């Protein structure tokens, strides 16, 4: 039976890949609406023929990799259950009699196998960015970050999984609720320490060197009643040609951050527009609204996961080699269900995020009063990252947490008319 189920799962995966390949490269309509042709939102007005070609190629491949890698992860979790690998990892972990070391041993083997299986997609994505001159990062530097990701994720998972499965053993009916209650302070703590403990593992952060520009940015922050003493600069030029700026952290650890690539490629008025956009998230409390939305979705998600795990283990536990929900060998099932739920809920979370981003664009225009700078900054963001201006609708639903560049530029161009 296991081989039959595995064959069906692999065939389904290949069919999904074939369907998405056809849709992305053949079936999707990405033409610019007639009403917007020749406007500032039309990429033909600000990209040359080669840039248009590269944008189409790069975006298409990235979109396909996303829709191929997502069910690939689901297939992996399903197969390691089906062929008893998860159960074998649990048996190997039994060399220790203590719960936390058992969890660490199990997670080590699962994490190593997961990394090896997923590595081809990660490497292809890295190579693709290098080929299209998005990434400037050396392979050594990229692998260093991969190693940091692995051990940081491994350490965090030991803590989370140890607590999660302890709760499952203590309360078979309400573990999901207790897990959610504990996730609230944990999530807030991680957001608080992210700028000062985690981000510096990957990049160097320092106060903005251009003090004249910093004064202008802090002046906008003062007008918006944002308590900011510094703007931080991060050295990204050795890794990418893309542009970015963001607000991170919460409370006293919140930071306004600019990539040095943004400083190098944009004019001051364009940077001020981008900073006003980022400040809008603080002014309109988007960070806290996002936290609240995440916590609501995670509550519903954990409840659904608990119900589905109970049903699946009761119905097919023997086939999947899972003796009980509270057995750590059920972890791939937990990860599979949560991954599918995250994917299916992403159109909703992305829609809410796009709404907040459009609000931030509007705020930035009203704060700076500079439509030309706004339009030219978005055009440069498109060029430097080979961003897809008008993606297919399904790509927008599942991948875009920001409005498309077509929407952003056309909205700004028509603002106040």
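The values are calculated or read from the model by the stated rules, or taken from the named source; none is laboratory data. Since the model is a prediction, treat every value here as computed from it, not as a measurement. Using ideal geometry, Cβ is built from the backbone for each residue, glycine included, and neighbour counts are taken over all protein chains shown.
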From 270, 278, residue being in contact with a strand residue (DSSP E or B) (Cβ under 8 Å, 6 or more places away or on another chain) and in contact (Cβ under 8 Å) with a residue 24 or more places away in the chain: 278
So is residue 70 modelled with pLDDT of 95 or more, in a helix (DSSP H, G or I) and in contact with a helix residue (DSSP H, G or I) (Cβ under 8 Å, 6 or more places away or on another chain) or not? yes
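Right, residue 351: under 17 Å from the mean Cα position of the chain (by Cα), within 20 Å of residue 70 (Cβ to Cβ) and surrounded by fewer than 18 Cβ atoms within 10 Å (Cβ to Cβ) or not?
yes
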Within the stretch 199-227, the residues that are free of Cβ contacts under 8 Å to residues at least 40 places away in the same chain and part of a loop (DSSP other than H, G, I, E, B) are 203, 204, 209, 227
Mind listing whichever residues of the stretch 198-222 are surrounded by fewer than 14 Cβ atoms within 10 Å (Cβ to Cβ) and either at pLDDT below 85 or within 27 Å of residue 307 (Cβ to Cβ) (or both)? 222
Within the stretch 38-47, is even one residue part of a helix (DSSP H, G or I), free of Cβ contacts under 8 Å to residues at least 60 places away in the same chain and either in contact with a strand residue (DSSP E or B) (Cβ under 8 Å, 6 or more places away or on another chain) or within 30 Å of residue 390 (Cα to Cα) (or both)? yes
Quick check on this structure: which one of 252, 327 is surrounded by fewer than 21 Cβ atoms within 10 Å (Cβ to Cβ), more than 24 Å from the chain's Cα centre (by Cα) and modelled with pLDDT under 90? 252
Just to be sure I understand the filter: pairs with C-beta atoms under 6 Å, separated by 6 or more residues or on different chains, first member in the stretch 383-400 and at positive phi and touching a residue at least 12 places away in the same chain (Cβ under 8 Å), second member part of a helix (DSSP H, G or I) and surrounded by 19 or more Cβ atoms within 10 Å (Cβ to Cβ). Which pairs pass? 386/55; 386/58
Could you check the stretch 55-67 and list, in sequence order, the residues that are surrounded by fewer than 17 Cβ atoms within 10 Å (Cβ to Cβ) and at pLDDT below 95? 56, 57
From 152, 110, 128, residue being under 16 Å from residue 332 (Cβ atoms) and part of a helix (DSSP H, G or I): 110
Count of residues meeting criterion [surrounded by 15 or more Cβ atoms within 10 Å (Cβ to Cβ) and free of Cβ contacts under 8 Å to residues at least 40 places away in the same chain] in the stretch 104-121: 5
Neighbours by Cβ (under 6 Å, 6+ apart or cross-chain): first from the stretch 82-95, in contact (Cβ under 8 Å) with a residue 40 or more places away in the chain and at positive phi; second surrounded by 15 or more Cβ atoms within 10 Å (Cβ to Cβ) and outside any helix (DSSP H, G or I): 84/321
Assess whether residue 39 counts as being under 28 Å from residue 373 (Cβ atoms), at pLDDT below 95, surrounded by fewer than 18 Cβ atoms within 10 Å (Cβ to Cβ) and in contact with a helix residue (DSSP H, G or I) (Cβ under 7 Å, 6 or more places away or on another chain). yes
Filter the stretch 281-302 for residues that are more than 30 Å from residue 161 (Cβ to Cβ) and without any contact (Cβ under 8 Å) to a residue 60 or more places away in the chain; which is surrounded by the fewest Cβ atoms within 10 Å (Cβ to Cβ)? 285
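Within the stretch 88-103, take every residue that is surrounded by fewer than 19 Cβ atoms within 10 Å (Cβ to Cβ) and in contact with a helix residue (DSSP H, G or I) (Cβ under 6 Å, 6 or more places away or on another chain) and give me the one that is farthest from residue 155 (Cα to Cα).
96
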Take residue 320 and decide whether it is farther than 25 Å from residue 289 by Cα, in contact with a helix residue (DSSP H, G or I) (Cβ under 7 Å, 6 or more places away or on another chain), surrounded by 19 or more Cβ atoms within 10 Å (Cβ to Cβ) and at pLDDT below 95. yes
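Quick one: would you say residue 162 is part of a helix (DSSP H, G or I), within 26 Å of residue 109 (Cβ to Cβ) and under 23 Å from the mean Cα position of the chain (by Cα)?
no
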Filter the stretch 141-196 for residues that are touching a residue at least 60 places away in the same chain (Cβ under 8 Å), touching a helix residue (DSSP H, G or I) at 6+ places or on another chain (Cβ under 9 Å) and surrounded by fewer than 16 Cβ atoms within 10 Å (Cβ to Cβ) and give the result. 169, 172, 177, 184, 187, 188, 193
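For residue 346, state whether it is buried (at least 17 other Cβ atoms within 10 Å of the Cβ), part of a helix (DSSP H, G or I), without any contact (Cβ under 8 Å) to a residue 60 or more places away in the chain and within 27 Å of the chain's Cα centre (by Cα).
yes
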Could you go through the stretch 6-19 and let me know if any residue there is free of Cβ contacts under 8 Å to residues at least 24 places away in the same chain and over 29 Å from the mean Cα position of the chain (by Cα). yes
